[in-house]
1. Looking at the stretch 90-101, is at least one residue closer than 22 Å to Ile114 by Cβ, in contact (Cβ under 8 Å) with a residue 12 or more places away in the chain, among the aromatic types (Phe, Trp, Tyr) and part of a loop (DSSP other than H, G, I, E, B)?
2. If the requirement is being without any contact (Cβ under 8 Å) to a residue 24 or more places away in the chain and under 18 Å from the mean Cα position of the chain (by Cα), which of these qualifies: Leu167, Leu206, Leu174?
3. Would you pick out the residues in the stretch 137-149 that are outside any helix (DSSP H, G or I), under 18 Å from Met110 (Cβ atoms) and not β-branched (Val, Ile, Thr)?
4. Does Asp74 satisfy the criteria of being more than 17 Å from the chain's Cα centre (by Cα), of a type in the set (Asp, Glu) and either surrounded by 22 or more Cβ atoms within 10 Å (Cβ to Cβ) or not in a helix (DSSP H, G or I) (or both)?
5. With respect to Tyr297, determine if the residue is surrounded by fewer than 19 Cβ atoms within 10 Å (Cβ to Cβ) and of a type in the set (Phe, Trp, Tyr).
6. Filter the stretch 295-313 down to the residues that are modelled with pLDDT of 95 or more and either assigned to a loop (DSSP other than H, G, I, E, B) or basic (Lys, Arg) (or both) and list them by number.
7. Just to be sure before I move on: is Gly273 modelled with pLDDT of 95 or more, crowded, with 22+ Cβ neighbours inside 10 Å and at positive phi in the structure I sent?
Amino acid sequence: MNKNLTSDQALVLMKKARDPRNAQALFHQASEMRDQEIGRRLWWTSGSGGIFPCTVTPRCSYCTFCTDKLFPIDALLKSLEKIENLGLQQFHISGGTDLQGGYDEQILEMVKLIRARSGLKLEINLGPSFKKQTVIELKKMGVDSITSSLESNSPEVFRLAKPGDSLARRRELLQFCEEADMPSRSMMLVGLGETDRERIEHLFFLKQFSKLYQLRISRFMPFLGTAFQNKPRCSPWETALVTAMARLIMPNIEISLAAGNNLDDIPLWYMAGGGNQLMGVSIAKQKPLPALDVDVYEIGENAFVVDKRKQVERILEAMQLEVSSQMPDHKTTLKG
């Protein structure tokens, strides 16, 4: 495999791989590269969206996950205690974003409270809600990583999908992490209307960040009541092609599934070179409907810990794969 792949060469590979006969070779190459660079071992994580209010106005054109209220800290701490007791080692604090006042003081205080009660490693995804100094302080407090989800790196696609947000600020946050020596994550939302060239250019843009340890790939899902409700659902084939190209362009990062995917996406994701983090446990604000192999723990009013690991394990067992609660050392997978 040519590790000095150019953007033009990558674009040709991606276009050829739209034919499944060519995709077989691409997926094999990408999965072999994953095995060589970061290994086959899969591991669990946990998380929750809607922890902080989202003040982005107007709302993102696809979003139904935002909230106007801070998730109660007592319910969060009790939920984290349950998640830790279930054997997990990591939790993602996600959503929302405040571009004006920021969440600098609030996140530092929240992390301090969590640290006093929990040994869970923390990843934070609140968009560009932080100053550079806050990134530095979070690193000192032992936070595992900070996420800056660009969704799309095409200014026009971003403007249509996220008219109240700032692509420049999201790019800047990735740079803050570089300068603070803080591991970072990002996310691509595939199916917003970007071209193949824009997808490849997005991946090469991310490649420059040596502290980027993980790329999360989301498959667009239209929701009623949003501006994008009539936009078509993104095909799993599109996300598989992006996954494979991401692996070839950035061999030693984790490529994980994000919101918009479902359990049935796991096999194709793995075949295309995805790996190695899997979401197993989450916090929900409404009690989910009963489902096979899903354990639900009521923590308090409007707070439920949902454990879907048995469902995922059933899929992995058919693929002769296992998943562990033991986290890898991110420092060993980062470039530079």
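1. No, there is no match, as no residue in the stretch 90-101 is closer than 22 Å to Ile114 by Cβ, in contact (Cβ under 8 Å) with a residue 12 or more places away in the chain, among the aromatic types (Phe, Trp, Tyr) and part of a loop (DSSP other than H, G, I, E, B).
2. Details: Leu206 fails: without any contact (Cβ under 8 Å) to a residue 24 or more places away in the chain; Leu174 fails: without any contact (Cβ under 8 Å) to a residue 24 or more places away in the chain.
Step by step, each of Leu167, Leu206, Leu174 is checked, and only Leu167 is without any contact (Cβ under 8 Å) to a residue 24 or more places away in the chain and under 18 Å from the mean Cα position of the chain (by Cα).
3. Going residue by residue through the stretch 137-149, those that are outside any helix (DSSP H, G or I) are 141-149.
Right, trim to under 18 Å from Met110 (Cβ atoms) and you get 141-147.
Hits for the stretch 137-149 are Met141, Gly142, Asp144, Ser145.
4. Against the criterion (more than 17 Å from the chain's Cα centre (by Cα), of a type in the set (Asp, Glu) and either surrounded by 22 or more Cβ atoms within 10 Å (Cβ to Cβ) or not in a helix (DSSP H, G or I) (or both)), Asp74 does not qualify.
5. Numbers: surrounded by fewer than 19 Cβ atoms within 10 Å (Cβ to Cβ): yes; of a type in the set (Phe, Trp, Tyr): yes.
Against the criterion (surrounded by fewer than 19 Cβ atoms within 10 Å (Cβ to Cβ) and of a type in the set (Phe, Trp, Tyr)), Tyr297 qualifies.
6. Scanning the stretch 295-313 gives Lys308, Arg309, Lys310.
7. On the way: modelled with pLDDT of 95 or more: yes; crowded, with 22+ Cβ neighbours inside 10 Å: yes; at positive phi: yes.
Taking the combined requirement at face value, the residue satisfies it.
Listed here are the residues, each with its yes/no results for (1) within 22 Å of the chain's Cα centre (by Cα); (2) outside any loop (DSSP other than H, G, I, E, B).
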| site | (1), (2) |
| --- | --- |
| Gly47 | yes, yes |
| Tyr62 | yes, no |
| Lys69 | no, no |
| Lys82 | no, yes |
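The values are calculated or read from the model by the stated rules, or taken from the named source; none is laboratory data. Keep in mind that what you see is a predicted model, and the values were worked out from it rather than measured. Positions of Cβ are generated from backbone atoms using ideal geometry, with glycine treated the same way; all protein chains shown enter the neighbour counts.
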